[in-house]
1. Would you compute, from DSSP H runs of 4+ residues alone, the mean residue ellipticity of the chain at 222 nm, taking -39500 (n - 2.57) per run and dividing by the full residue count, rounded to the nearest 500?
2. Just the accessible area per residue of the chain, please: how many Å² with a 1.4 Å probe?
3. Rounding to the nearest 20 debye, state how big the charge dipole of the chain is about its Cα centre with +1 on each Lys and Arg Cβ and -1 on each Asp and Glu Cβ.
4. Using Cα centres only, tell me the gap between the stretch 194-247 and the stretch 8-23 in whole Å.
5. For residue 178 and residue 123, FRET efficiency with R0 = 51 Å and r from the beta-carbon atoms, rounded to 0.05?
6. Taking square-rooted eigenvalues a ≥ b ≥ c of the alpha carbon gyration tensor, is the stretch 164-294 rounded, prolate or oblate, where a/c under 1.5 means rounded and, failing that, a/b exceeding b/c means prolate?
7. Mind checking the full-extension length gain between residue 241 and residue 338? Use 0.36 nm per residue of separation minus the Cα-Cα distance, one decimal, nm.
8. Stretch residue 55-residue 234 to full length: gain in nm at 0.36 nm per residue minus the Cα-Cα span?
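The values are calculated or read from the model by the stated rules, or taken from the named source; none is laboratory data. Worth saying up front: this structure is predicted, and the values here are computed from it rather than measured. Cβ placement follows ideal geometry from the backbone for every residue including glycine, while neighbour counts extend to all protein chains displayed. SASA here: full protein model, heavy atoms, side chains in, ligands and nucleic acids out. Shrake-Rupley method; radii C 1.70, N 1.55, O 1.52, S 1.80 Å.
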Amino acid sequence: MYNTKAYSAVSATSPLASDTIARRDPTEHDVQIEILFCGICHSDLHSVRNEWSDFMSTTYPIVPGHEIVGQVTQVGSAVTKFKTGDRVGVGCMVNSDGTCPNCKAGLEQFCQNGTFTYNSPDKHKTATVTYGGYSNSIVVDQRFVLRVPPNLDLAGVAPLLCAGITTYSPLRHWGVTEGKKVGVVGLGGLGHMGVKLAHAMGAHVVVFTTSPDKKEDALRLGADEVVVSRNSDEMQKHAGSFDFILDTVSAKHDINAYLNLLKLDGNITLVGAPEKPLEVAAFSLIMGRRNLSGSNIGGIAETQEMLDFCGEHNITADVEVIPIQKVNEAYERLLKSDVKYRFSIDMASLKSE
Ligand code: NAP
Ligand code: ZN
């Protein structure tokens, strides 16, 4: 084992603060990575504050962070996919059993024995739970390490590892292509990636936002139209017209307002994970044989496919790069929808702590 610097929280009400954690020495299948950037996902905030306690309680201390990019510093003897110096990424998962039907189908995110990057029981017993990317170094099985296209800027690549794949996967799964009318609800970290990706897939993209000042940005990011969702007249104009809507909202909101915008057999997929249940009116679904579904990140092969797609289309996240010392302030700004459009932590700032 070796020690590395990290930022952790010791309770649901504590700020994140400087810490030292242990990492395992790489086993034969492991890749050791120096973390250069780590994105801040709203899931980090939900987890640090234990907002999902009804579904998955947080074990403290927690070291969040699952939008990791960096370079390989060491590889185990059986590692064939990577070598020292490679630019790599790690997303929300660091292991799975590899044998269940979901793993065999390339859907490791639905493995019952999977290990998430943080707050999952640590099979290697280095600590009680896994520790994430708000740290200088991590050790990950090569199966869960991704290749980063050489043309993309690393600070903007980090958010692709969660926000990118979480929006790419449902867009692909529900057949978003040229000619489809696609809505994206919420222009935050996930939402702005959803806009860029759906636009690159050729869809007609409509952004729904509660922040009128994001209108121009939405168009620049690839939206064809922008609707301020608090304006019911603007909403009504789109009634019954969407093939697909991706809902990325992190807090309680009225989902029926969006269900009613779907056409016959249209689908709305929730990727946003508010802590409290959302109310669904039966008639919003019945009228128009509409579908309400959910989606959880994406499998490893699909994550690589998404990164390669971003490489081809020159897509990265729009990031505000911050030093780790600003992380608590960044969380407060996230709650005010005040981020354009993802915070990416420059991990060099942690070395000086
Ligand atoms: P984010 O950057 O904070 O974006 C959320 C956006 O939702 C905000 O920018 C805002 O957009 C909108 N919003 C916030 N509060 C709202 C409210 N009360 N009513 C209506 N709209 C509101 O968060 P994120 O990192 O994109 O994550 C979004 C959600 O997805 C979180 O719940 C996160 O945990 C979840 N998530 C799920 C997965 C998955 O695999 N399913 C993966 C990653 C994250 P406007 O200003 O445009 O209105
Ligand atoms: Zn995330």
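1. Calculated at 222 nm, the ellipticity per residue is -6000 deg cm²/dmol.
2. With the other protein chains kept in place, the chain gives 42 Å² per residue.
3. 240
4. After rounding, the separation between the Cα centres reads 38 Å.
5. The value I calculate is 0.70.
6. rounded
7. 31.9 nm
8. Length gained, residue 55 through residue 234: 60.9 nm.
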